[in-house]
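Peer 1: Structure below; questions to follow.
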Amino acid sequence: GAVVSQHPSRVICKSGTSVKIECRSLDFQATTMFWYRQFPKQSLMLMATSNEGSKATYEQGVEKDKFLINHASLTLSTLTVTSAHPEDSSFYICSAGQTGGGFRGYTFGSGTRLTVV
Amino acid sequence: QQQVKQSPQSLIVQKGGISIINCAYENTAFDYFPWYQQFPGKGPALLIAIRPDVSEKKEGRFTISFNKSAKQFSLHIMDSQPGDSATYFCAASMKSTGNQFYFGTGTSLTVIP
């Protein structure tokens, strides 16, 4: 089955520094990947849609300069939280879907717990 | 605006019982309805999904019931087990928005031994 690897699973960083989160589709190619943020006991909030070879599409209210998304290949998308602040502490999750053969849903990564101190 | 409404927010079921979680939607353009299971500190994992041309789909102990006219769908977990204790999310998507998922608010299920 489709596997999405997300790394790191946990990261603690100092306020003002940047953190990069990687999302890889291990056994399939993904033209589109999605990045979500999830607060405790809440649903997933879509942050942006990452398209291979083009600029990401950000949801309303998400700062594109703060949350940099790069989708350089069909198997890798990265989310960089720049100049992180404590309020950026959250659980970040990516998802990817297989291209071709009709839509079959998305596979989610295992998530990254970001703590900014 | 919440595209997909989910209830209940939390649910406690005895081991062996049936867990039922409900979702409702408004947009008739939705064409794919998955259910995801999420354990604490993990990403959601696909449980089961259905398309609107089918009224029911069963996979093991998990069944989706789909009522197109009422714009509702539900997840039934038969013979619920303590290991089923998790948060469950319904979602809906449609081709016209690039198959972007619209998630429900989630249901925290606790199965008591």
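No lab work stands behind these numbers, since they all come straight from the coordinates. Bear in mind that the values here come from a model prediction, so they are computed numbers and not experimental data. For neighbour counting, all protein chains shown are included, and Cβ atoms are generated from backbone atoms with ideal geometry for every residue, glycine included.
Peer 1: Could you tell me whether region A:74-93 includes any residue that is touching a residue at least 60 places away in the same chain (Cβ under 8 Å) and under 25 Å from residue B:91 (Cα atoms)?
Peer 2: Taking every residue of region A:74-93 in turn, at least one turns out to be touching a residue at least 60 places away in the same chain (Cβ under 8 Å) and under 25 Å from residue B:91 (Cα atoms).
Peer 1: Which residue, of B:63, B:97, is facing another protein chain (nearest Cβ under 10 Å), polar (S, T, N, Q), over 30 Å from residue A:10 (Cα atoms) and free of Cβ contacts under 8 Å to residues at least 40 places away in the same chain?
Peer 2: Exactly one residue qualifies, and that residue is B:97.
Peer 1: With the requirement that a residue be more than 14 Å from the chain's Cα centre (by Cα) and hydrophobic (A, V, I, L, M, F, W, C), what does region A:55-91 give you?
Peer 2: Scanning region A:55-91 gives A:74, A:84.
Peer 1: Among the residues of region A:51-70, is any crowded, with 21+ Cβ neighbours inside 10 Å, within 14 Å of another protein chain (Cβ to nearest Cβ) and free of Cβ contacts under 8 Å to residues at least 40 places away in the same chain?
Peer 2: Yes: region A:51-70 contains one or more residues that are crowded, with 21+ Cβ neighbours inside 10 Å, within 14 Å of another protein chain (Cβ to nearest Cβ) and free of Cβ contacts under 8 Å to residues at least 40 places away in the same chain.
Peer 1: Would you confirm, using the coordinates I've provided, whether residue B:42 is touching a Phe, Trp or Tyr at 6+ places or on another chain (Cβ under 8 Å), basic (Lys, Arg) and under 30 Å from residue A:58 (Cα atoms)?
Peer 2: no
Peer 1: Considering only region B:73-87, I want to know if a residue exists there that is in contact (Cβ under 8 Å) with a residue 12 or more places away in the chain, closer than 17 Å to residue A:34 by Cα and within 14 Å of another protein chain (Cβ to nearest Cβ).
Peer 2: no
Peer 1: Under 6 Å between Cβ atoms, which residue pairs at least 6 apart in sequence (or on different chains) link something in region B:20-45 that is within 13 Å of chain A (Cβ to nearest Cβ) with a partner that is among the β-branched types (Val, Ile, Thr) and part of a strand (DSSP E or B)?
Peer 2: Here the result reads B:23/B:4; B:33/B:50; B:35/B:48; B:38/B:87; B:43/A:93, each pair linking region B:20-45 to a residue that is among the β-branched types (Val, Ile, Thr) and part of a strand (DSSP E or B).
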